[in-house]
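Some notes on the structure that comes next.
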Amino acid sequence: MNERTLIRARLDLQDSVRRTDQVLAEGARKAAEVHRRVAARISELEQLTQRLRAELDACRVSGGRSGCSEPRRRLAQAEANLNRVRVALTQVDAARTTFAAETRRLEIELHSVGQIGVALLRTLTGDLRDYQAMAHFSLPGASGTGSTGAVPGQAATVPDALEYPPGLPAGFALVPLSRIDISRSTVTGPADFGKGYSPADLSWAFDAFDQVVLPGLRDGVPRDALVDRDTRSGLSGTRSYAMTRSQFLNDGDSIRLNAEPGGQFSIANGQHRIWVALRDGRHSVPARIVP
C-alpha cells in the first residue's frame, strides 16, 4: 500500500459520508413534500364539506325533504373521504417522526465512524511518510544533507529538491517544506484561522490536489470537467475540486514563495496552508516561485 492509495481511500470515505448525507436529506425533503400534499388535500376536502353542508341546509330550508337525498349522499361521501385523508396524514406524520429519529441516529453513527476512519487513514499516511523518510536516510551511502549514493535497484533521489510534475503551470513547483522558512509566519494554531475555512478544509484541499487536481493537470483535464465532477458529487465551496485547483494555481490565491540565498524560501502568501501541511506531515506544497 502506498501513500496515494491511503489518500484516495480517505477522499472516498469522506465522499461516501457526504453522499449518504445527501440521500438522507433528500428522503426528509420528499417526506415533507408528501405531508404538504396530504395537508393540501385535507384543506380542499374541508372546503368541499362546508360547501355541501351549506347546500344541504339550503335544501332543508326550502322544504324539499324528498329532494335532499342527493345533497345528503354527497355530503356523507365527502365527510368519509375527509376522515380517510386525515387518518392518512396521521400515518404520514408518524412515519416522518420515525424516519427523522432513525436518520439522526444513522447520521451520528456514520459521522462517528467516518471521523474515526479518516483519522486512522491520516495517521497511516503520516506513518508511511515517516517510514519512507527513515528508510531513505538508512540507505547505504545516504548522508544527512539529503544526497544519496548509488544503491542497486534504488533510483537516486534528493529529498529536498524541487519537483516539477507534468502539467504544473510554468513558475510553479512542489517545494519541500524543509526549504521554507516559517520563522516569520503569524499562524501558530487553529485559532489563527478566521478567513472562512478551517484546517480540516485545507487538509481536504491538499488531498484533493494530490489525488484529483494534479493527475488532471498531467492528463490535460480542463477546469470545467472539475466543475462537472463537483456537481455530480455534491461538492461546493472550499471542499470542491474546481476551487481547490483555483486556490492552488491562480496567481492571487496560490502559495507564493520568495527565493532566498542558500536555496531557502520565505513565505509571500499561503502561511495557513503551509501550517496545515506541516501539521499533517506532508513533504511538499505546490507553490509559485518568486525570483
Taking H as built 1.01 Å from N, whose amide H comes closer than 5 Å to the amide H of Arg239, not counting residues under 5 places away? none
Please compute the modelled spin-label separation between Glu260 and Gln91, points set 7 Å along Cα→Cβ, answer in nm with one decimal. 7.3
For Ala225 and Ser69, extending 7 Å from Cα along the Cα-Cβ vector and measuring point to point gives, in nm, a value of 7.7
Point-to-point label distance, Ser246-Arg60, nm (Cα→Cβ direction, 7 Å offset): 7.0
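Throughout, read-outs are computed from the coordinates displayed, never taken from laboratory work. Here the structure is a predicted model, which is why all the values come from computation and not from measurement. Note: ideal-geometry Cβ built from the backbone for every residue, glycine included; neighbour counts use all protein chains shown.
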